Amino acid sequence: VEAIQDSQATSSEIDVPVPAGLDYLPYQKAGIAYALQRNSVLIGDEMGLGKTIQAIGVMNATNPETVLVVCPASLKINWKNEMTKWLVADRDIQIVNGGGEQIPTNPDVVVINYDVLTKHQDAINSRTWDLVVMDEAHYIKNGKAKRTKVAVNIKANRKVVLTGTPITNRPIELQPIAAYLDPATFGNFFKFGVRYAGGYQDRFGWHWDGASNLPSKDYGDQLAKEFDSLSEAASETSSEDIKFEQMSEVRHETALAKVADVVAHLESIDHQVVVMAHHKDVVEGIKSGLEAAGKSVVTLTGDCNQ
């Protein structure tokens, strides 16, 4: 219970180096403090709350010699810009793409996207990095994907994993991330699947698409409340029967249903507005609606190149 409370702290008195004129928000300081207490941590704040800044705060507090940042291609330049702004030390930040770029022989800070990890596998896995940051870590939810296999074998003295989507469609999708952070506890796929994914065997083989042993009763209650508030479909199931994929479907349907109201609200606003959304078709719906109303719209999703 105490560990959970620590992970949900909203402020901290910790003194973290920061460039002049900037400061961390109280909950960001709490996140940095929590991360500094352990060698592996997952920060699951929602989009827009500054997970990037918290990871950079860990860099400022620990001053690692070598840093590897793994992120979607569309976020690489943003990572370099944010580090240039928030780092207290002058670091050589290099972005590695899929072209002729190579991992430096003596790296300082390297930013690379998931899609080209396999191309640079040998250079990345030949060393132990002082700090590895994995942004949008749900990109490695598929344990069979080549990029996942490379990512979870990256050696690091300290690991900081970031995701605004900590609740996946199925618990089994958490296994690669959990195993990377704590291989002793979560590294065995079979044991993880039996304990947390309702694993069972029939004549077709083993199945890992369920959910079992959720972290706490409170967590299950929160899922139940959200399900009840989001969908009439709740009348067709019981709280005990709520499944991760059901939650995902309901969230998606609800988001799509709100598109018209979001567009109507934004139409009357004359200044620039940032809108966060989880689903690409929701982003496209808002974009189309605003463009039809004569608004200029710029979108950024994981499909965008850098």
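The values are calculated or read from the model by the stated rules, or taken from the named source; none is laboratory data. As the structure is a prediction and not an experimental result, all values here were calculated from the model. Positions of Cβ are backbone-derived with ideal geometry, glycine not excepted, and every protein chain shown enters the neighbour counts. Ligands, DNA and RNA are stripped out before the accessible areas are found, and what is left, the full protein with its side chains, is counted by its heavy atoms. Shrake-Rupley method; radii C 1.70, N 1.55, O 1.52, S 1.80 Å.
Among the listed pairs 29/280; 80/159; 76/149; 119/144; 29/85, those with a Cα-Cα distance over 23 Å are 29/280. A protection proxy built from the mean count of other Cβ atoms within 10 Å ranks the segments 146-153, 17-24, most packed first, as 146-153, 17-24. The calculated 222 nm mean residue ellipticity attributable to helices in the chain amounts to -11500 deg cm²/dmol, summing -39500 (n - 2.57) over DSSP H runs of n ≥ 4 and dividing by all residues.
Annotation: amide H of residue 156 within the under-5 Å range of 129, sequence separation 5 or more or interchain, hydrogens built in the peptide plane. Listed values for the range 195-200 are Karplus-derived 3J(HN,Hα) couplings in whole Hz (6.51 cos²θ - 1.76 cosθ + 1.60, θ = phi - 60°), namely 6, 10, 10, x, x, 8, and x replaces Gly and Pro.
The H on the amide N of residue 111, modeled in the peptide plane, is under 5 Å from the matching H of 69, 94, 95, 96, each at least 5 residues off or on a different chain. Accessible surface area normalised per residue over the range 72-200 is 46 Å², counting heavy atoms of protein chains with a 1.4 Å rolling probe.
Note on the chain: with neighbouring protein chains present and a 1.4 Å probe, carbon and sulfur make up 48 percent of its accessible heavy-atom surface.
Going out from 0 in 10 Å bins, what whole percent of all Cα-Cα distances in the chain drops into each bin? In order of increasing distance, the bins hold 5, 23, 31, 27, 12, 2, 0 percent. Between the amide H of residue 200 and those of 207, distances stay under 5 Å, these residues lying 5 or more places away or on another chain, with hydrogens modeled in the peptide plane. Phi angles across the range 136-146 convert, under the Karplus curve 6.51 cos²θ - 1.76 cosθ + 1.60 with θ = phi - 60°, into 3J(HN,Hα) values of 6, 5, 5, 5, 10, 6, 8, x, 8, 6, 4 Hz, Gly and Pro given as x.
In units of the rule-of-thumb radius 2.2 N^0.38 Å, the range 1-117 shows an alpha carbon radius of gyration of 1.11. Judged by the mean number of other Cβ atoms found within 10 Å, the most tightly packed of the peptides 66-75, 101-110 leads the ranking 66-75, 101-110.
Rg and Dmax, both from the Cα atoms of the range 127-211 and both in Å, are 13.5, 46.
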